[in-house]
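> First the structure, which I've put down as structure tokens, then a few questions once you've had a look.
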Amino acid sequence: MSNDKPAVNPHTGQPLPEETSPPAPPTGTPGAAAAGEGLAPAGKQSGPPQFSSMSSAQELAVRSVLETVMDPEIGLSVIDLGLIREIHLHGGKTLVRMMLTTPFCPYAPQMMAEVKQAAESAVAQPAEVEILPDAWSPDMMPDPGLLGFSY
């Protein structure tokens, strides 16, 4: 079946970005290792995730679709909670590095599967979700007021 319509993201209804090749992986990051080449060392980032001014359309598409992935206990998206710390698209794979609100979150497998599925729906390549061991706190949220109380 031939379809002349552009591919549409099932989560957002927006057309999928069309890029022919993934961007080159970041280089020169201190602490880069084979497993996490070009990634910042875990545990060093606090506050909302820092966005590069060079974010690709693919990364923005992944971030956008991840706004539909909800934490079942809190009722806010993984983006609103600041759980998504990094998104890397390179080597034909998407790597999403995220945190959990508690170390032994009973919903971790479900949330990881939803993040993986959402990332793969936004960018037509396999995705991997890595859980960071860092402790989460509301100050990592872009808007902590979404929790409904001030701290």
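Read-outs: derived from the displayed coordinates by stated rules, not from any lab. All values reported here derive from a predicted model rather than from experimental measurement. Cβ sites come from the backbone with ideal geometry, for glycine too, and all protein chains shown count toward neighbours.
> For Cα pairs less than 8 Å apart in space and 6+ apart in sequence, what is the mean separation divided by the residue count of segment 57-144, i.e. the relative contact order in percent?
With pairs under 8 Å counted, the relative contact order is 34 percent.
> With every atom except the alpha carbons ignored, what do you get for Rg and Dmax of segment 57-144, in angstroms?
Calculated on Cα positions, Rg and Dmax stand at 12.1, 35 Å.
> Going by how many other Cβ atoms sit within 10 Å of their own, how do Asp139, Asp134 line up, fewest first?
Asp139, Asp134
> Please give the net charge around Lys116, taking every other residue with its beta carbon less than 12 angstrom from that of Lys116, where Lys and Arg add +1 and Asp and Glu add -1.
-3
> How big is the antiparallel share of DSSP beta bridges in segment 57-144, given as a percent to the nearest 5?
Once the DSSP bridges in segment 57-144 are tallied, antiparallel ones form about 60 percent.
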